[in-house]
Amino acid sequence: MNKEKKPEWFDEANPEQFATVVKKGVELPQDSHQFVKKQTFQKRNFHEPNLEELASGILAGNRTLLARAITLIESNAEQHFQKAQELLQMLLPHSGKAIRIGITGVPGAGKSTFIEAFGTYLCDLGLRVAVLAIDPSSSISGGSILGDKTRMEQLSRNPRAYIRPSPSAGKLGGVHRKTRETMLLCEAAGFDVILIETVGVGQSEVIVREMVDFFMLLVLTGAGDELQGMKKGIMELADAIIVNKADGPNKKLALKTKAEYSRILHFLQPATKGWETKAFTCSALYEEGMNDIWSTIKEFENNTKKSGVFAERRRMQTKEWIYSMIVDQLQFSFFYHQGVKPLLPKIENEVISGSRTATSAVEELFRVFHDNKH
Ligand SMILES: Nc1nc2c(ncn2[C@@H]2O[C@H](COP(=O)(O)OP(=O)(O)OP(=O)(O)O)[C@@H](O)[C@H]2O)c(=O)[nH]1
């Protein structure tokens, strides 16, 4: 076996596995000793910060420790989960001060270009900006719409900005929790603005709406017919609709599109009580229109803080957080259940081959789950 190559039995998310395996006297595959020795050596030479060190480092704005903590939050390993929760508990009192902004739009609307321009504009104002992403494709196809390209190059080099690609969900979801908790860590690290980006192609914009204060929809110029085709539901989530690419020969059409959106918005339910959703134009490429958008967000913040809507929404979102975690936990305990896990492939095959119904299969799985709690 190649010493450099990771043996198949080694679970990367669980380096402590070595200690357990060795302690329990489990028979290891041939040559694995070399690998264990090397890993143990590497581990000894690598200082693993404890939770206090992580927490105080994050509060002091240390990027490396922030990145480590986010990795801990994104891990699906059980022992990391506990640690991450303890860390969050320590940092929770220091979170909540940023303005949380969601951005969505169909692929090609110019989200990366917009965040690059808007993020840089905010950094130039002296603000610290964290950019997070929720990518619905990563759990479905294993690929990533938001992660492949080199995105936001200029912003990623800005010392006031921090960009974190979207966490991979794995089969069992958890993106909601991971993004929300990452946001809290970023707030504890002193970021003033959190931008959460998602592709407007499905459920993910609802998830983002549920964790931000202000939600923007980035759209392209288009004729009236295309606007009619736009899902009313998405428009009703937005606090602002921004017609991007309002530059060059496109400018006139962009203004027309904006007027058309304003007309439609008039008939829709606003996303936020007491706030009238407005349409804007901007050019992310030429960094035009950023000022108007930011002053609108500030106006929104002032108004909703005064009316109590801001605080009420955050309370509701915290409640949502609890429920989404309950669902995560339920899924986790079910699919990793000692009785259910080995039974699943067999039952799956039986249903696929037509020898039993899905209902009876699910019933059996739940019987096993309930009869044997661990
Ligand atoms: N003329 C013009 N082109 C733009 C503007 N914003 C973005 N673009 C172009 O539109 C294309 C798509 O932009 P991206 O920022 O990659 O858009 P996106 O597909 O929504 O972004 P991701 O989903 O983040 O990849 C690129 O070729 C950009 O250069 C703009 O304001 N004006």
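Taking the range 264-288 as the range and being within 12 Å of the ligand (Cβ to nearest atom) and open to solvent by less than 30 Å² (accessible area, probe 1.4 Å) as the test, the residues that pass are C282, S283, A284. Please pick out the residue among I241, I293, I234 that is within 16 Å of the ligand (Cβ to nearest atom) and not in a helix (DSSP H, G or I). Among I241, I293, I234, only I241 is within 16 Å of the ligand (Cβ to nearest atom) and not in a helix (DSSP H, G or I).
For K252, the conditions (1) in a loop (DSSP other than H, G, I, E, B); (2) within 14 Å of the ligand (Cβ to nearest atom) are fulfilled apart from (1). Scanning the range 43-61 for residues that are in contact (Cβ under 8 Å) with a residue 12 or more places away in the chain and open to solvent by less than 80 Å² (accessible area, probe 1.4 Å) yields P49, L51, E53, L54, A55, I58, L59, G61.
Filtered by the rule that a residue be touching a His at 6+ places or on another chain (Cβ under 7 Å) and either part of a helix (DSSP H, G or I) or under 30 Å from T120 (Cβ atoms) (or both), the range 296-350 gives a lone residue, S324. Every listed requirement among (1) within 16 Å of the ligand (Cβ to nearest atom); (2) touching a residue at least 40 places away in the same chain (Cβ under 8 Å); (3) open to solvent by 20 Å² or more (accessible area, probe 1.4 Å); (4) not aromatic (F, W, Y) is met by E320 save one, (1).
Each residue in the range 82-119 was checked for being within 16 Å of the ligand (Cβ to nearest atom) and assigned to a helix (DSSP H, G or I), and 9 of them qualify.
Scanning the range 329-348 for residues that are aliphatic (A, V, I, L, M) and surrounded by 13 or more Cβ atoms within 10 Å (Cβ to Cβ) yields V340, L343, L344, I347.
Within 16 Å of the ligand (Cβ to nearest atom), modelled with pLDDT of 80 or more and among the aliphatic types (A, V, I, L, M): is that true of M211 in this structure? Answer is no for this residue. Against the condition in the same structural domain as I103 (by TED's automatic domain parsing), of a type outside the set (S, T, Y) and away from the ligand (no atom under 16 Å from the Cβ), how does F300 come out, does it pass? So F300 passes the test.
The values are calculated or read from the model by the stated rules, or taken from the named source; none is laboratory data. Note that this is a predicted model, so its numbers are computed, not measured. Cβ: placed from backbone, ideal geometry, glycine included. Neighbour counts: every protein chain shown. Heads up: the accessible areas ignore ligands, DNA and RNA and are worked out on the full protein's heavy atoms, side chains in. Shrake-Rupley method; radii C 1.70, N 1.55, O 1.52, S 1.80 Å.
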